[in-house]
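Novice: Structure incoming, see below.
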Amino acid sequence: MDGYLISQIVNGLCLGLIYALIALGVAVIIGIVGFATFTQGEIVMIGAYSSYYVFLWSGNNLIYGMIASFMITWIIGMILYKVCYAKFFDSPEYISLICTIGFSMLLKNLAQIIFGAEKKPMLNIIENKIYHLGIIELSRVQLMVFITVIVMVIILSLLFTRTSWGLKLKAVSQNREAAALVGINVDKTAMIGNCIGCAIAGAAGTLIGIYYQSAYATMGATLSMKAFTSATLGGLTSVPLAALGGILIGVTENIGIAFSSASFRDIFSFGFLIIMLIFKPTGFGRKRGARA
Amino acid sequence: MERALPEVSHEWGETMLKVNDLVVDYGYVHAVKGIDLEVNQGEIITLIGANGAGKTTTLKAISNLIKKSSGSITFQGEDLTNMSPHKIVEHGICHVPEGRLIFPDLTVKENLMTGTFGNKKLSGTEKDELLEEMFEWFPRLKERMNQLGGTLSGGEQQMLAIARGLMMNPQIIMMDEPSLGLAPIIVEEIFELIEKIRESGKTVLLIEQNASMALNIADRAYVLENGRVTLSGTGKELLDDPKVQAAYLGT
């Protein structure tokens, strides 16, 4: 295999991990709140802007930037929950779905008004250094993305498997009525689930801003769709499969680009989605524990 | 059990749960048209009635899972009418819903642990004790501790739902058709269990379609028809009542 293809696969893996982070946020939200979200891309954009301003203020301190994007998107997640979900649990699903689309337009346009329409450069947040591992070339930014995503996934899975909050979140995702009857505050728990999903996307925004070295108001547009696509691959609610879907889309895109042009990027990811939906519309997953 | 439990007494204690003139409408359908109920400390109370009589609706209204049109619910003198469902649970009112509603993708043990969320006063060791006690009561659940809830049989799921309810060490346990769809031998086990729960000092409010078994273990019973209480009395009285015999006991 030639070096060009290998480095495209590494690029694809790296981008795919960021997609995976956004997608598992979507899967967490759909699983716990029970409604679809199309605001995820704009949450990523807010995350990128938050860290952009914190980088300006703190002199490119990665940790501060990450915390800021996490916290600000957490708060946006609270607002999103109150506006788009809280009142609509007894209404048809499409109402909150359309509401999230409206909310995403609002965020996008507010961002253009507040932050301006031009791209904000996020240059040299991380020193550009290339590591050679045999024939694989890995930049320091890519290494940072790998490590951050893996750490976040580990924290998230510990949260879900080891803490009582994780148990509450899982209970609410499986049956809201039963969760209320064992004394769980369903509304608050669902809101926290939504905030976790959003804050992960916010952190992904920091990564994607650093990766593409810019933040701009419309950067979330295709990301919403790609995150949703990845989540579809996992049957919408499976967190690990949504992450796998994200990685696959990232790799597919970059292998496609290797044989064509970078402007065809989205053709490959959405072509992949269409093929998946035709041949395996339920995603990779099989419902566990289903009986009768 | 030394945990704060009401004293076991067959001299019925004070009124514990009181439902006053409860009315529930689903749109234009009047499901419950003014029901009054009283549950005293330490009793087994049963509501019997045909499908659509308003039994489940009454229970859901007590837990505030559905909106009441009017009426009030008081528990130990405290007004629960407009309290949110999880707050009602925290008062020591456990509701084992119709259709069990266990968490299918959580293990049996995790399902049981969710039961403890309803009682904030339980310490870690008390939770472990309760878990051990439930495993003693339900040895089959212990065998299947690490299996997913959804893989259990219907009877085991019902046991799990009841055990999950008991994990909060409630004062009153409300059970909605625990025998529904189960084999006769398991139904008997469930009824033995209900008596055992009462003996442990808890109050029971039971909804049943299996009227003869329910009336046999009930201290008092209410008969619901079309959203109204048409008859009430001790279990024995209702068992001997010709109208009840004709309508619900099939004799």
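Since every read-out is calculated from the coordinates, none of them should be taken as a lab result. Quantities reported herein were computed from a predicted structural model and do not represent experimental measurements. Glycine also receives a Cβ, built like all others from the backbone with ideal geometry; neighbour counts cover every protein chain displayed.
Novice: How do the pairs read when you match residues in the stretch B:217-245 that are at positive phi and of a type outside the set (A, V, I, L, M) with residues anywhere that are surrounded by fewer than 17 Cβ atoms within 10 Å (Cβ to Cβ) and not in a strand (DSSP E or B), using Cβ under 7 Å and keeping only pairs 6 or more apart or on different chains?
Specialist: Here the result reads none, with nothing in the stretch B:217-245 linked to a residue that is surrounded by fewer than 17 Cβ atoms within 10 Å (Cβ to Cβ) and not in a strand (DSSP E or B).
Novice: Same structure, new question: Identify all residues within the stretch B:68-117 that are more than 10 Å from every other protein chain (Cβ to nearest Cβ), in a strand (DSSP E or B), of a type in the set (Ser, Thr, Tyr) and over 20 Å from the mean Cα position of the chain (by Cα); write none if there are none.
Specialist: Within the stretch B:68-117, just B:Ser70 meets the criteria.
Novice: Looking for something within 13 Å of chain B (Cβ to nearest Cβ), part of a helix (DSSP H, G or I) and acidic (Asp, Glu) - is there at least one such residue anywhere in the stretch A:248-255?
Specialist: Scanning the stretch A:248-255, I find no residue that is within 13 Å of chain B (Cβ to nearest Cβ), part of a helix (DSSP H, G or I) and acidic (Asp, Glu), so the answer is no.
Novice: What number of residues in the stretch A:250-263 are free of Cβ contacts under 8 Å to residues at least 40 places away in the same chain and surrounded by 14 or more Cβ atoms within 10 Å (Cβ to Cβ)?
Specialist: 1
Novice: Could I ask something else about it? Specify which of the listed residues (A:Ala203, A:Ala180) is touching a Pro at 6+ places or on another chain (Cβ under 7 Å) and part of a helix (DSSP H, G or I).
Specialist: Answer to the selection: A:Ala180.
Novice: Any residue that is within 14 Å of another protein chain (Cβ to nearest Cβ), more than 30 Å from A:Gln213 (Cα to Cα), out of contact with any strand residue (DSSP E or B) (no Cβ under 9 Å at 6 or more places or on another chain) and surrounded by fewer than 21 Cβ atoms within 10 Å (Cβ to Cβ) - is there at least one of those in the stretch A:138-158?
Specialist: no
Novice: Follow-up. Please find, within the stretch A:63-81, the residue that is surrounded by the fewest Cβ atoms within 10 Å (Cβ to Cβ) out of those that are more than 18 Å from A:Ala111 (Cα to Cα) and free of Cβ contacts under 8 Å to residues at least 24 places away in the same chain.
Specialist: Among them, the one singled out is A:Ile63.
Novice: Could you check how many residues of the stretch B:117-139 are in contact with a Ser or Thr (Cβ under 9 Å, 6 or more places away or on another chain) and within 18 Å of B:Arg100 (Cα to Cα)?
Specialist: Adding up the residues that qualify gives 1.
Novice: Can you tell which of A:Ala171, A:Ala203 is within 14 Å of chain B (Cβ to nearest Cβ), in contact (Cβ under 8 Å) with a residue 12 or more places away in the chain and surrounded by 18 or more Cβ atoms within 10 Å (Cβ to Cβ)?
Specialist: Going through A:Ala171, A:Ala203 in turn, just one is within 14 Å of chain B (Cβ to nearest Cβ), in contact (Cβ under 8 Å) with a residue 12 or more places away in the chain and surrounded by 18 or more Cβ atoms within 10 Å (Cβ to Cβ): A:Ala171.
Novice: Report, by residue number, each residue of the stretch B:118-143 that is crowded, with 17+ Cβ neighbours inside 10 Å and within 12 Å of chain A (Cβ to nearest Cβ).
Specialist: Within the stretch B:118-143, B:Gly118, B:Asn119, B:Leu122, B:Lys127 meet the criteria.
Novice: Further question: Of all the residues that make up the stretch B:144-194, how many are β-branched (Val, Ile, Thr) and at the interface with another protein chain (Cβ under 10 Å from one of its Cβ atoms)?
Specialist: Of the residues in that region, 1 qualify.
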